[in-house]
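The values are calculated or read from the model by the stated rules, or taken from the named source; none is laboratory data. Computed from a predicted structure; not experimentally measured. Cβ atoms come from the backbone with ideal geometry, glycine included; neighbour counts cover every protein chain shown.
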């Protein structure tokens, strides 16, 4: 847990909660804060670790890097493997795959770093009417996300986001309900959990709204007609399978005002804090937090 991404604090909270659950259930567990300079493999050998429970969020933990290291040294680990982790962390790569298999996702355009930013800005203005969304390609917890509405300074936001995050893209703004769908289980046994609807008191479900008490209303099950509810769950499961995700994930979806679900992101290691979506969805399905922790542990095998 921990790591060095912008989601370090959330990862520590997720990891600590999972660790405490494992210990309370009688598992012989050790908590490792993967700070800079830590020799992970030495610690795993010294502690005689059998399986690694990954609760890292964001870059170097959720993107296939740590998964590749563990593969190299022969350690089983929870969740998605190297390729699916890398694809899931890269929002543009995910969307390309969903496009290819017919899963609805908002229209998008990656900003080409090899071109002049001014040229890319002109393309954005030409092809994407306001409002539009600016996002980093590989960040979680809504870090760096901006919604530009009428009168918004497109050029300034694109330049600043590119300076801070380097790889960015723009996305069509879909006005609708924000929902999220947890996926749990291996292979043919994977299933969609109850849909959670997010009603942020801010403009959208950003980092602050995610982790600050009282800034978001959580409604479960989501207020969707039965047919739309079932379609949303089916698309979430299809999005999970399309990138090759394993064990568990959380798929974020916007249901437009004309009731069309659009998949816009997958999280292959979703949060497990006391305010996180996946545990809330599991609880609504009758799965306790301790049971959820063990089901994720089983994904290593």
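Among the residues of region 252-263, those identified as in contact with a strand residue (DSSP E or B) (Cβ under 6 Å, 6 or more places away or on another chain) and more than 14 Å from residue 89 (Cβ to Cβ) are 253, 254, 255, 256, 257, 261, 262, 263.
Residues of region 36-64 that are crowded, with 17+ Cβ neighbours inside 10 Å and under 21 Å from residue 91 (Cα atoms): 54, 55, 56, 57, 58, 59, 61, 62, 63, 64. In the set (1) modelled with pLDDT of 95 or more; (2) part of a loop (DSSP other than H, G, I, E, B); (3) surrounded by 19 or more Cβ atoms within 10 Å (Cβ to Cβ), residue 30 fails one condition alone, (3). Of all residues in region 70-86, those being surrounded by fewer than 23 Cβ atoms within 10 Å (Cβ to Cβ), in contact (Cβ under 8 Å) with a residue 12 or more places away in the chain, in contact with a helix residue (DSSP H, G or I) (Cβ under 7 Å, 6 or more places away or on another chain) and not in a loop (DSSP other than H, G, I, E, B) number 2.
Being under 21 Å from residue 173 (Cβ atoms) and either in the same structural domain as residue 21 (by TED's automatic domain parsing) or free of Cβ contacts under 8 Å to residues at least 12 places away in the same chain (or both) is a description that does not apply to residue 252.
Residue count for region 41-68 under the criterion of being free of Cβ contacts under 8 Å to residues at least 60 places away in the same chain, assigned to a loop (DSSP other than H, G, I, E, B) and touching a helix residue (DSSP H, G or I) at 6+ places or on another chain (Cβ under 7 Å): the result is 2. If you check 231, 278, 237 for being closer than 25 Å to residue 201 by Cβ and either in contact (Cβ under 8 Å) with a residue 60 or more places away in the chain or in contact with a strand residue (DSSP E or B) (Cβ under 7 Å, 6 or more places away or on another chain) (or both), only one passes: 278.
Quick one: which residue in 180, 161 is in the same structural domain as residue 236 (by TED's automatic domain parsing) and in contact with a strand residue (DSSP E or B) (Cβ under 6 Å, 6 or more places away or on another chain)?
Exactly one of 180, 161 is in the same structural domain as residue 236 (by TED's automatic domain parsing) and in contact with a strand residue (DSSP E or B) (Cβ under 6 Å, 6 or more places away or on another chain), namely 180.
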